[in-house]
Amino acid sequence: MEVRYTNTRDASETVSASRAILNGLAGGGGLYVPTVIPKLDISVEDLSKMSYREIAYEVMRRFLTDFTEEELKTCIERAYDSKFDTRKIAPLVKADGAYYLELFHGATIAFKDMALSILPHLLITAARKNHVKNDIVILTATSGDTGKAALAGFADVEGTKIIVFYPKNGVSPIQEKQMVTQKGENTLVVGIHGNFDQAQTGVKQMFSDPDLKKDLDAAGYQFSSANSINIGRLVPQIVYYAYACAQLYANGETGADEKINVVVPTGNFGNILAAFYAKNMGLPIERLICASNKNKVLYDFFSTGVYDRNREFMLTSSPSMDILISSNLERLIYRIAGEDAGANAALMRQLASSGRYEITPRMREQLDVFYGNYADEDETAAEIRRLYQDAGYVIDTHTAVASAVYQKYLAETGDTLKTVIASTASPFKFTRSVMNAIDEQYDVMSDFELVDALSFLAKVKVPRAIEEIREARVLHDTECETDEMESVVRDFLGIG
Ligand SMILES: *Cc1c(COP(=O)(O)O)cnc(C)c1O
């Protein structure tokens, strides 16, 4: 059965999976959603005998139905290989009664690697299937993390180039070092003399510039984006929830058909939406617990039915969750609106014009599989300390938000179902916040002293991604003014 992808804001647009991946965003600002969620008609017992790659194939082939078996298997093999520092790809670690699904064993030690290591291969395959002869040029503005994960994913992938713009004085020294040491002939990293918004505006302008598009095409190039709303990032994220169910069963932690809960530290709502799709495929998932930091728009939404971004934006120790507009929530809204593109589009127009919308009681009824809560900065730090003291297990700040919210959920409900917590970053990525949470005396140490201290405390080897930036050579030193971004792109691609 073919799965097609339709526009959340325009029912007349329906495309194949490969087209949806190639286009990224649907027309009129809408997102692509599968017209049906396919069933995963394989028992957890059978899944428990499969490798990560095998489960990836079984999940993804049900969504990306216009990819051949060979195409999909090749993409999977190229993505989930020795870039990951464990053959399990996403190991499940039991600590203090919960199960932490470690999604941070890829190139940049955070969960974006799970999808960004396969997206380039899906994109190139999609281009060839749709008779696109041009090379694909990925253009990205980054405030830090996504840029590096995209660079690592696209580096040396034939038929692609990737150009990343970051605010020269607006990312952390470690983030900058990670990007400017990126290898790969097809990569370019540029520090702009401006802030993140200016980088993003510059990138958007280039995407919509018809003259640039014409010149690119003449030279055999076209732009594409590695945005988190691409269906090619969402589908690979469903895989690890199936893998978590399989591992629980394989380890004798759950019986056949035993339901579990899932807790996800949430920002743009991509990761938890993947868990929702996993549940709808038929996996034994009961509750979806949505964890926010102080930017608790989603908690308020789940408790009141009102989504309201009109509030102060707060910087926290879990920066990847500092988000006031969770783009992927639109896919859930579309669904609970009865897959009514008109109704969804009306709500999204309200969001754009007034920053808020309210869903109907009938829509709200369908949200009871979700539970939302949040953790503030003190609660997050306390959770890191508690888990270290009770179980000797060290988690990062994002995972700690999820873990703290799970403790609140337990206290409120007494629910005894086994629970998987999505662990979205290595503690080595946020070493200072993590070590300060354990003991404030660590604050006097330098960044790399902290890395070694963490390795000692957690009894975990320093990840390769961190060792590499200790010594790596700077390979990118391009800087430019905000109005020079286009000429930098033209130079790199050799077009006048
Ligand atoms: C991106 C990110 C998140 C949020 O994931 P969404 O899919 O945007 O909800 C959480 N934690 C970390 C470490 C991330 O990088």
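Each value in this text was obtained by applying a stated rule to the coordinates, not by laboratory testing. This is a predicted model, so every value here is computed, not measured. Here Cβ is always computed from backbone atoms with ideal geometry, including for glycine, and neighbour counts include all displayed protein chains.
Some points to look at:
- Distance from the Cα centroid of region 382-439 to that of region 234-302 is 16 Å (rounded to whole angstrom).
- Paired Rg and Dmax values of region 301-413, which use every Cα atom, in angstrom: 16.8, 52
- Residues of region 378-421 with an amide N closer than 20 Å to a point placed 7 Å from the Cα of residue 94 along the Cα-to-Cβ direction: 387-395, 403, 406-407, 410, 415-421.
- Debye, to nearest 20: dipole size of the chain, +1 on Lys, Arg Cβ, -1 on Asp, Glu Cβ: 860 debye
- Once C-alpha pairs closer than 8 Å and six or more residues apart are averaged by separation and normalised to the residue number of the chain, the relative contact order reads 18 percent.
- One chain, two ends: residue 68 and residue 352. Fully extended at 0.36 nm per residue, the span grows by 98.3 nm beyond their Cα-Cα distance.
- Taking each residue as 0.36 nm, the span from residue 360 to residue 470 lengthens on full extension beyond its C-alpha to C-alpha distance by 34.3 nm.
- Sites residue 310 and residue 490 - FRET efficiency at Förster radius 35 Å, r taken between beta-carbons, to 0.05: 0.30
- The chain - Rg and Dmax from Cα coordinates, angstrom: 21.7, 65
- The convex hull defined by the C-alpha atoms of region 179-261 has an orientation-averaged projected area of 10.1 nm².
- Packing around the peptides 12-24, 197-209, 270-282, 431-443, taken as the average count of other Cβ atoms within 10 Å per residue, puts them in this order, highest first: 270-282, 12-24, 431-443, 197-209.
- Relative packing of peptides 312-323, 225-236 - highest average C-beta neighbours within 10 Å first: 225-236, 312-323
- Length-normalised contact order of region 160-305 in % [C-alpha pairs under 8 Å, at least 6 apart]: 16 percent
- Helix-only mean residue ellipticity at 222 nm for the chain, each DSSP H run of n ≥ 4 adding -39500 (n - 2.57), per residue, nearest 500: -13500 deg cm²/dmol
- Note, ³J(HN,Hα) from phi for region 108-114, Karplus 6.51, -1.76, 1.60, rounded to Hz, x at Gly and Pro: 10, 6, 9, 5, 4, 4, 4
- Relative protection proxy for 388-396, 101-109, from highest mean packing down: 101-109, 388-396 (other beta-carbon atoms within 10 angstrom).
- 447, 145 arranged by Cβ crowding within 10 Å, fewest neighbours leading: 447, 145
- Selection from 212, 267, 361 lying farthest towards where the dipole of the chain points positive, charges on Cβ: 361
- Percent of beta bridges antiparallel (DSSP, the chain, rounded to nearest 5): 25 percent
- Residue 141 long-range amide H proximity, modeled H, under 5 Å: 165
- For residue 421, the residues whose modelled amide H falls within less than 5 Å of its own, excluding neighbours fewer than 5 places apart on the same chain, are 99, 100, 101, 263.
- Tensor-based shape of region 204-314 (alpha-carbon gyration tensor, a/c under 1.5 rounded, otherwise prolate or oblate): oblate
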